[in-house]
Amino acid sequence: MHELGLLAILVLGLLPSLSAETPPPARMIAYHTADFRGEQIVIRGDWSVRNRYDYWNDAINSVVVPRGFEALLYEHAGFRGDYIVVRGEWSSRQDRYWFNRVSSIRLVPIRGRGYDRPRPRPTHTCGPACGVGDCGYIPAPEITIFEHHSFRGAALTISGEWTAEYSNDFWNDRISSIYVPRGYAVILYEHAFFGGRSVVIEGSWNTASSCDFWNDRVSSMRVVRR
């Protein structure tokens with residue numbers, strides 16, 4: 001009995017050191033707005049909206065996934081419907097289908113044991129922080145847009161594609177010049193979400209004058225490789 005008492009004391013003395021070595025649970029950050037802006041929530045493991053009136057239902061547009069994990073973003077609550085697999089950083093600007101569409105998320109280890117992905121084949125979207133050497137990540141092409149003619153005024157760098165999400169978006173109907181790097185072209189659209197008239201531009205672009213149809217008229221655009 002005396003020996004059992006000593007053993008119990010020894011085990012209890014080791015517990016604090018063992019618990020201190022346990023890593024904290026993985027956490028990812030989800031943002032209300034694309035490009036990691038706006039309100040945010042922290043997600044650990046499984047997350048789903050409670051009902052269609054949940055504030056975060058169809059309201060997640062960018063996420064940061066911790067290294068060593070991947071996130072399954074689902075279209076519907078309860079991990080149902082279409083989904084994509086994301087590693088690193090992801091924004092709905094990379095795929096406008098997922099704009100205001102995510103309703104549940106699973107955060108899982110990339111090589112975790114005892115976990116099987118759902119049967120439907122996912123679309124794998126990797127980000128710069130993916131951490132997998134052979135993931136095939138290719139950065140989205142970038143361009144710079146300017147508020148005024150001759151590359152003056154406020155400037156913004158766009159990766160992949162862009163749309164004015166609200167009528168009061170600062171850049172809605174405010175673009176007058178664009179710098180397009182060699183090897184890329186840009187499709188300009190008159191309305192948000194790639195609607196209305198469109199035109200393809202290459203190289204450095206300026207509106208011809210204040211009377212030019214495209215002066216202060218662009219509301220969305222796509223960057224493509226030539």
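The values are calculated or read from the model by the stated rules, or taken from the named source; none is laboratory data. What you are looking at is a predicted structure, and each value in this text was computed from that prediction instead of being measured. In this analysis, Cβ positions are derived from the backbone assuming ideal geometry, glycine residues included, and neighbour counts consider all displayed protein chains.
A few notes on this one:
- Residue within segment 94-103 that is in a strand (DSSP E or B), closer than 23 Å to Pro25 by Cα and of a type outside the set (Ser, Thr, Tyr) present: no
- Residue in segment 108-119 that is on the phi > 0 side of the Ramachandran plot and at pLDDT below 85 present: yes
- Test: residue in segment 120-128 that is over 17 Å from the mean Cα position of the chain (by Cα), over 21 Å from Gly195 (Cα atoms), in a loop (DSSP other than H, G, I, E, B) and at pLDDT below 90: yes
- Residue check for Ser209: assigned to a loop (DSSP other than H, G, I, E, B) and surrounded by fewer than 17 Cβ atoms within 10 Å (Cβ to Cβ): yes
- Pairs meeting the criteria (first residue in segment 144-158 and surrounded by 13 or more Cβ atoms within 10 Å (Cβ to Cβ), second residue in a loop (DSSP other than H, G, I, E, B) and modelled with pLDDT under 90, beta carbons under 8 Å, at least 6 apart or on different chains) are His149/Thr207.
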